[in-house]
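Shown next, in structure tokens, is the structure this report addresses.
The values are calculated or read from the model by the stated rules, or taken from the named source; none is laboratory data. Just so we're clear, the structure is a prediction, and the values are computed from it rather than from any experiment. All Cβ positions, glycine included, derive from the backbone under ideal geometry; neighbour counts span all protein chains shown. Note: accessible area is taken over every heavy atom of the protein model, side chains too, but ligands, DNA and RNA are not part of it. Shrake-Rupley method; radii C 1.70, N 1.55, O 1.52, S 1.80 Å.
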Amino acid sequence: EMFAALGCMFFMPTLDKGDWRPLCVWAAVPAYILFPIALLTIRESPRWLQINRRFPEAQEALAWLGKEESPTEICTPREMQPLGSAGERLRRMFDPDLRATTLGFCYFCIIANFLYYGQSYAQAQTFGGIEGSMDFVSPAGQLLISCAFELPGSLVAAVLIQSPWGYSRSLQAVLAVTFILCIMLITVDYQLYAVFVPASYVMKGVSSSFFVFTYVVMATVFPTSVRNIALGFCVSVGRIGSISAPIIFELVGEIEQRKHALFFVLSAIAAAGGILVVPYVPCEMKGKPLNDTEAAAGECGGRGELIPLRKGVPEGSDTC
């Protein structure tokens with residue numbers, strides 16, 4: 001995003017005038033550079049290799065991930081327990097013990113996308129509209145500064161993940177700050193740019209922090225049998241937020257005659273809703289190993305017995 005904002009400074013500094021074609025070419029450059037690198041360096045996951053019974057490769061992948069000198073032992077059961085079809089695993093996500101988790105994280109993904117991408121779109125529009133009032137930097141420059149705040153935002157997410165607060169409390173804290181900042185952003189309609197611009201910068205960092213933190217936490221709350229499909233489902237549903245944010249921004253602008261307060265009020269309401277939803281989404285997995293079975297399905301949101309991946313599986317064992 002910082003790379004795209006830098007391109008805006010070169011090709012569209014006012015964000016409303018200029019040729020968009022060079023900007024599109026500029027935005028595509030990283031993909032052309034990174035694609036061959038990714039093709040040559042990204043490995044298959046040990047889990048995927050194990051499911052497809054490519055056990056030697058799975059051992060090598062684990063050894064590479066752990067930076068160990070010798071391959072890590074991996075369970076190779078005589079009869080692997082099937083995970084079930086995609087439809088069966090999808091229905092499993094909405095069983096009573098996982099329904100609140102699935103729906104809760106679908107909502108978190110929606111508001112994470114709405115806040116993150118909505119802010120990106122809103123800032124591009126609003127910064128372009130206040131040119132002349134903030135003469136120290138061009139609108140594209142303001143957008144670049146705002147994007148730079150994602151770096152400390154990601155650092156805050158990392159700190160929260162490692163902090164003793166717990167995931168639920170951390171989510172509520174980030175959403176509370178988001179709510180306050182959204183209210184401050186309403187000042188753009190009253191030409192209080194000394195409040196709006198700094199709040200926009202901080203909001204970009206906070207929305208980035210919430211986005212990263214949500215996706216990291218989401219990877220810990222589902223059992224192995226449905227983890228991949230659950231993550232994919234929640235992420236896909238979350239795209240409703242990123243798709244709808246620009247549309248809502250433009251519709252609100254038409255209704256309010258290019259005023260943006262209502263959009264930021266809607267963003268504040270979404271954040272407040274997240275604060276209220278957090279207590280109903282089980283469960284707190286801070287500091288616990290990932291769940292690999294569904295035994296004791298009713299306990300802890302259906303995530304059951306916790307069995308960490310380990311070396312030295314007893315010979316003859318048929319279970320992972």
| query | So, counting K/R as plus one and D/E as minus one, what does the shell of residues with Cβ under 11 Å around SER208 add up to? | reply | -1
| request: Just subtract the alpha-carbon distance of ALA219 and GLN257 from 0.36 nm times their residue separation and send over the number in nm, one decimal. | output: 9.5 nm
| note | Scaled by the rule-of-thumb 2.2 N^0.38 Å, the alpha carbon Rg for the stretch 165-224 gives a ratio of 1.39
| task | Just order 164-175, 194-205 by mean Cβ neighbour count inside 10 Å, highest at the front, would you? | result | 194-205, 164-175
| query | Expressed as a whole percentage, what fraction of the accessible surface of the stretch 164-290 belongs to carbon and sulfur atoms when a 1.4 Å probe is rolled over the protein heavy atoms? | reply | 73 percent
| task | Determine, for each peptide in 248-255, 97-104, the mean count of other beta carbons within 10 angstrom over its residues, then list the peptides with the highest first. | result | 97-104, 248-255
| task | List the trypsin sites (Lys or Arg not before Pro) within the stretch 7-54 that fall in a DSSP loop (any state other than H, G, I, E or B) and whose Cβ has at most 15 other Cβ atoms within 10 Å. | result | LYS17, ARG43, ARG53, ARG54
| remark: Burial-style ranking of 180-193, 262-275, average other-beta-carbon count within 10 Å with highest first, yields 262-275, 180-193
| query | Under a point spin-label approximation (7 Å from Cα along Cα-to-Cβ), what is the ARG91-ILE183 distance to one decimal in nm? | reply | 4.7 nm
| query | Measuring with a 1.4 Å probe in the full set of protein chains, what accessible area per residue, in whole Å², belongs to the stretch 141-239? | reply | 38 Å²
| Globularity ratio of the stretch 136-244, using Cα Rg and 2.2 N^0.38 Å | 1.24
